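Sending over a structure as structure tokens; questions will come in a sec.
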Protein chains: 2
Amino acid sequence: MKDVAREAGVSVGTVSNYINGKKVRPVVAKSIEQAIKKLNYVVNNTARLLKNNCSPFVIFVVPTVWSPYFSELTFWIQKKLNSLGYKMILCISENDYKLEKDYVKMAEEQRAAGIISVSYSNLTTHIRSDIPFVSIEKESTGIFPLVTSDNYSGGSLAAKELQLRNVKRYYFIGTTNQDSVSMIARRSGFMDYCHNNGLMADVLTVASSRKISQFRKDIDKIVKKLLSENNLGDIGVFTHTDEIAIVLLNELRMKGIRVPEDIQIIGFDGWKITEEDSLNISSIRQPVDMIAEYAVKQLDEEIRYSDNFEIRRINLPVSFIPGITTNNDVRR
Amino acid sequence: MKDVAREAGVSVGTVSNYINGKKVRPVVAKSIEQAIKKLNYVVNNTARLLKNNCSPFVIFVVPTVWSPYFSELTFWIQKKLNSLGYKMILCISENDYKLEKDYVKMAEEQRAAGIISVSYSNLTTHIRSDIPFVSIEKESTGIFPLVTSDNYSGGSLAAKELQLRNVKRYYFIGTTNQDSVSMIARRSGFMDYCHNNGLMADVLTVASSRKISQFRKDIDKIVKKLLSENNLGDIGVFTHTDEIAIVLLNELRMKGIRVPEDIQIIGFDGWKITEEDSLNISSIRQPVDMIAEYAVKQLDEEIRYSDNFEIRRINLPVSFIPGITTNNDVRR
DNA sequence: ATGAAAGCGCTAACAC
DNA sequence: GTGTTAGCGCTTTCAT
């Protein structure tokens with residue numbers, strides 16, 4: 001910048017003014033412009049940050065991007081952040097608490113503008129409370145905002161849709177991990193609806209899909225159980241996630257069981273594998289774009305009015321997406 | 001830091017030394033440590049960067065993350081970057097040249113360590129050549145390294161696998177966009193193999209999947225054409241991407257055509273929707289983890305030996321993954 | 001081993 | 001409008 005100033009025959013202050021859109025004389029503007037071009041000058045943003053103490057970076061901490069739900073969420077978060085002038089630093093935590101903490105530390109060291117996190121650990125208990133923070137899905141410790149979809153209603157909705165489809169025996173399949181707030185809410189919504197309506201319902205569990213061999217073994221066991229205990233055509237299954245639904249579906253098909261004629265399945269998430277194509281299993285769809293929008297909006301507020309912003313608990317509505325795993329020839 | 005120094009009764013230089021692991025007297029170390037804890041001090045990395053002029057950030061520019069291939073690639077890039085101590089800034093370009101240029105500008109302003117880009121535009125012609133850069137998939141202008149998978153061999157391999165499965169009529173389906181280097185290579189590999197082996201082959205085109213309604217219309221037209229011109233059982237289709245293969249598959253199934261009995265399909269990419277689950281269509285699989293590894297390794301070299309590194313063209317081998325869209329009861 | 005001080009590139013307050 | 005200058009928080013000589 002000093003070089004540019006010398007080349008243009010003005011002072012650094014004037015160059016700074018020019019760069020930041022302040023008023024300079026047209027003549028001066030032109031000569032600065034030429035100097036910049038000639039010297040191939042690019043402003044040094046680290047210096048600017050050091051001075052202004054305000055960063056454009058928002059840290060997005062997410063367990064993985066390699067999954068339709070999270071990659072869609074990442075897409076929307078980035079999009080909404082960009083529209084407000086922020087840049088996203090993507091941090092994949094792999095559900096590793098240590099990694100998450102490292103990322104938060106990095107955020108602090110970089111003096112990042114804020115953090116948006118989908119964390120399944122107790123990350124929030126360890127945040128320096130003066131860095132703006134928004135949690136997605138996982139309940140945080142009360143001093144941070146939360147954006148989530150309405151898991152409980154999603155569970156109820158799944159049960160109701162199965163009921164509409166003449167299911168007699170209801171099953172919920174979740175993972176053995178009892179810490180998942182979202183799973184508990186989905187399960188409760190489902191089971192409560194069943195109980196309140198006199199429907200026969202059970203909870204089944206499988207290992208986390210990250211332990212893939214055990215996971216498949218568990219699914220296999222469940223399939224055997226379902227088939228031995230019930231009449232085909234009576235069974236309706238609601239799974240904690242689409243991932244479970246898919247493996248279950250494949251397993252059933254391999255055994256020659258027809259879906260949806262013999263067993264109906266509703267997943268959760270409404271996975272779309274790209275912006276255009278969805279897996280067409282029936283599912284309770286999360287409003288991913290809205291989740292991103294509210295999370296970013298909330299964070300932005302927090303950043304801009306850090307002294308006086310509202311800590312919100314935002315609970316977004318889900319919807320049922322009919323697919324090939326339910327009989328969709330129903331009248332309401 | 002000044003505060004810490006005062007609190008600990010030493011000079012800032014000593015604090016700096018302590019933080020950077022230089023030798024200080026144990027007594028001093030302890031008092032600094034206490035001061036840091038007491039004042040809740042976190043180093044300011046922007047200042048450090050300004051001084052050292054070396055950033056941990058690598059910009060990863062990618063058209064989208066919302067697609068199994070790109071989300072897998074993003075996952076691996078992040079993983080490999082982290083293992084070498086870099087942080088990833090994710091930039092989603094949406095195939096928008098303007099956005100891509102903005103991202104490069106940002107990289108320069110941040111004095112980022114480097115850029116890895118999957119770009120389908122001529123981004124590389126506009127890079128200040130002094131920022132380390134690696135291109136994935138798209139041929140760059142010669143002064144930058146390139147990592148890609150062997151698209152040409154992939155095309156040949158697809159043809160060969162279809163030939164093994166007694167296909168008589170060969171079709172390639174690609175998009176109308178003729179700029180895609182990868183598509184041209186895949187197509188050429190396929191067509192060359194067919195011509196060299198006396199196989200009847202044709203090229204068909206569809207609109208980009210981003211123009212979704214036209215895309216589906218084109219697929220529909222193609223299906224009609226395939227069915228009218230050939231005997232069921234003779235037909236083998238190789239698609240430019242798995243995405244096309246999936247839409248085609250759904251369309252065929254809706255029309256009651258059996259896959260693979262009536263028509264066999266091989267896609268390209270080997271989409272895995274999560275680390276555990278794949279779409280099980282037959283496909284030519286890109287070695288995504290290797291692509292990421294080589295790209296990062298190359299970039300790292302470029303960063304560390306900027307004066308003297310080798311500009312490589314890395315071409316990685318692909319493989320055939322049998323799935324449900326080909327008859328896999330073959331002997332070789 | 002430690003302290004003093006220069007300076008990284010920028011912005012903003014102030015004087016003209 | 002423009003020039004001058006202090007200072008953001010750190011690292012790094014250079015003395016001591």
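In percent, how large is the relative contact order of chain A, given Cα pairs closer than 8 Å and 6 or more residues apart?
17 percent
Could you pull out every residue, at least 5 positions away or on a different chain, whose amide H is within less than 5 Å of the one on A:T325? Hs are placed 1.01 Å off N in the peptide plane, and Pro or chain starts have none.
Here A:S282 satisfy the definition.
Exceeding 31 Å between C-alpha atoms, which entries from my cross-link table qualify? They are A:K105/B:K51; A:K79/B:K211; A:K138/A:K272; B:K37/B:K101; A:K98/B:K272; A:K138/B:K51.
With Cα atoms farther than 31 Å apart: B:K37/B:K101; A:K138/B:K51.
From the label point of A:D102, set 7 Å along Cα to the beta carbon, how far off in nm is each other copy's matching point, shortest first?
3.1
Here's a follow-up. Once the Cα gyration tensor of segment A:151-286 is diagonalised, what are the square roots of 5 times its eigenvalues, in whole Å and ordered largest first, as equivalent ellipsoid semi-axes?
19, 18, 16
Restricting to DSSP H runs of at least four residues, report the calculated mean residue ellipticity at 222 nm for chain A, -39500 (n - 2.57) per run over all residues, nearest 500 deg cm²/dmol.
Calculated mean residue ellipticity at 222 nm is -14000 deg cm²/dmol.
What does the copy distance list look like for A:D3, label position 7 Å along Cα→Cβ, in nm and ordered from shortest?
When each copy's label point is compared with this one, the spacings are 3.7 nm.
Counting only GluC sites (Glu not before Pro) that sit in a DSSP loop (anything but H, G, I, E, B) with at most 11 other Cβ atoms within 10 Å, what is the longest stretch of chain A containing none of them?
With GluC sites (Glu not before Pro) excluded where exposed in loops, chain A gives A:1-260 as its longest stretch.
If you don't mind, there's one more thing I want to ask. Under the 0.36 nm per residue contour assumption, what length would be gained going from the current alpha-carbon distance of B:K255 and B:S213 to full extension?
That works out to 13.3 nm of additional length.
All other residues with a Cβ under 11 Å from the Cβ of A:M200 taken together, and with Lys, Arg as +1 and Asp, Glu as -1, what is their net charge?
-1
Let me ask you something else. Express in whole angstrom the spacing between the alpha-carbon centres of segment B:301-326 and segment A:142-159.
Between the Cα centres of segment B:301-326 and segment A:142-159 lies a distance of 43 Å.
To two decimal places, what compactness ratio does the protein assembly as shown give when its Cα radius of gyration is scaled by 2.2 N^0.38 Å?
Expressed relative to 2.2 N^0.38 Å, the Cα Rg reads 1.08.
For segment A:2-41, what relative contact order do you get, as a whole percent, if you take Cα pairs closer than 8 Å and at least 6 residues apart?
Here the relative contact order equals 46 percent.
Modelling each spin label as a point 7 Å along the Cα-to-Cβ direction, I'd like the A:N280/A:Q178 distance in nm, to one decimal.
It is 4.1 nm.
Express the Stokes-Einstein translational diffusion coefficient of segment A:1-117 in µm² s⁻¹, to the nearest whole number, given a Kirkwood radius over alpha-carbon pairs, 25 °C and a viscosity of 0.890 mPa s.
146 µm²/s
If I model a spin label at A:N230 and B:K98 as a point 7 Å from the Cα along the Cα→Cβ vector, what separation in nanometres do I get?
Spacing of the two 7 Å Cα→Cβ label points: 5.3 nm.
I've got another one for you. For segment A:39-186, max minus min Cα coordinate along each principal axis, in Å, sorted largest first?
Taking the Cα atoms of segment A:39-186, the three principal extents are 75, 32, 24 Å.
So which helices of chain B fit the span-like rule, where a helix is a whole DSSP H run, its Cα atoms reach 15 Å or more along the axis, and its mean Kyte-Doolittle is at least 0.5?
Those that clear 15 Å and a mean of 0.5 are B:242-254.
Can you give the Kirkwood hydrodynamic radius for segment B:2-41, in Å, rounded to one decimal and based on Cα pairs?
9.6 Å
Suppose the Debye formula is applied to equal point scatterers at every Cα of segment A:19-61; what is log10 I(q)/I(0) at q = 0.19, 0.23, 0.34 Å⁻¹?
-0.76, -0.90, -1.11
Can you give me the distance in nm between label points at B:N20 and A:C54, each placed 7 Å from the Cα along the Cα-to-Cβ direction?
Reported label-point gap for B:N20 and A:C54 is 3.1 nm.
Can you list, shortest first and in nm, the gaps between the label point of A:G21 and those of its counterparts in the other copies, using a point 7 Å from Cα in the C-beta direction?
4.3
One-quarter of the Cα convex hull surface for chain A, in nm²?
21.7 nm²
Bear in mind these aren't lab numbers, they're just calculated from the coordinates by the rules spelled out. Computed from a prediction, not measured in an experiment: that's the story for all the values here. Positions of Cβ are backbone-derived with ideal geometry, glycine not excepted, and every protein chain shown enters the neighbour counts.
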